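Inspection log for the structure reproduced underneath, given as structure tokens.
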Amino acid sequence: MSDEIARVVTEEAAASEANRDAPVLADSAVDRPNRPRSAVYSVRLNLEEVASLQALAEEVGVPASTLVRSWIVDQLRSARGEFGEAEAELRAAQLHLAHLQRHLARPVP
């Protein structure tokens, strides 16, 4: 990457971070090549629920939105009968093992 390109990228990144709450302009186009369109749902949670969700996501090692999405997709698949009880138990065990692994990796006070 040339010095000029690196400088512009750095400046744009800093400007973006400085204005992260700025509204998206009406004539802006969002392009996500090679990805199908998706929908965004807003879910109302109280502060305690948000804190619990974020703590669990940290324990599992994924962003909170990814954790919530995985729960929703799992429930949809289950409701459609796309996986059985054994797979559901295995997925729950995987989450529990990830939690234990992170817990055990924490430094001992």
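The values are calculated or read from the model by the stated rules, or taken from the named source; none is laboratory data. Just so we're clear, the structure is a prediction, and the values are computed from it rather than from any experiment. Ideal geometry is used to build each Cβ from the backbone, glycine not excepted, and the neighbour counts take in all protein chains shown.
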Qualifying residue in segment 77-86 (condition: in contact with an Asp or Glu (Cβ under 8 Å, 6 or more places away or on another chain), modelled with pLDDT under 80, charged (D, E, K, R) and not in a loop (DSSP other than H, G, I, E, B)): no
Subset of segment 34-61 that is among the β-branched types (Val, Ile, Thr) and either at pLDDT 85 or above or on the phi > 0 side of the Ramachandran plot (or both) - its residue that is surrounded by the fewest Cβ atoms within 10 Å (Cβ to Cβ): 40
Yes/no for residue 26 being surrounded by fewer than 11 Cβ atoms within 10 Å (Cβ to Cβ), of a type in the set (Gly, Ala, Ser) and either modelled with pLDDT under 85 or assigned to a loop (DSSP other than H, G, I, E, B) (or both): yes
Filtered residue count, segment 40-96, keeping only those that are closer than 30 Å to residue 106 by Cβ and aromatic (Phe, Trp, Tyr): 1
